[in-house]
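What follows is a short report on a single structure.
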Amino acid sequence: MDFSTQMNAADSARTSMQVESFNKALGGSKVQSQNLDKDDFMKILITQLSHQDPTAPMEDKEFISQMAQFSSLEQITNMNQQFTAMAERLNSSQAFNVLGKDVELMSSGQLIQGQVEAVTGGDFPQLLVNGNYYDFSTLHTVYNNKGESQL
């Protein structure tokens, strides 16, 4: 159905502008990846197998080699996910170590000083200092009880 015959020129222009704006917003939020993952590798392999010449199919050695590469890629991807999870747990553990310590935090360009009153766990730990929660990543300096820097 052609909407341009049922809309006046101003409405048509406004609608076109809104559609273009919406499409730009969608395109801008899409993250383009330059890396191939295991799903991309599998799609390439399946495409290659489905479009091979039936009179000269892929040899066993080539197929086994590509499957081994796929398996290696999958294992590396799994290891990367496990390392990321381990790093998050270590970060959370480090956050609990500053409980009760005097700290300096850098938040929004301001240096905040105070004692860590509480710590939240999880992937992104929070520190309660002076009645406000701050991301653990904003931690700048940790002091021991004598006022000496530990970082």
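The values are calculated or read from the model by the stated rules, or taken from the named source; none is laboratory data. Remember, predicted model here, so these are calculated numbers, not experimental data. Positions of Cβ are backbone-derived with ideal geometry, glycine not excepted, and every protein chain shown enters the neighbour counts.
So here's what we get for this one:
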item	result
Condition broken by ASN91, with the remaining ones in (1) surrounded by 11 or more Cβ atoms within 10 Å (Cβ to Cβ); (2) modelled with pLDDT of 80 or more satisfied	(2)
Qualifying residue in segment 35-48 (condition: in contact with a strand residue (DSSP E or B) (Cβ under 8 Å, 6 or more places away or on another chain), modelled with pLDDT of 80 or more and of a type in the set (D, E, K, R))	no
Matching residues, segment 83-121, being of a type in the set (A, V, I, L, M, F, W, C), within 21 Å of ASN144 (Cα to Cα) and assigned to a helix (DSSP H, G or I)	LEU90, ALA95, PHE96
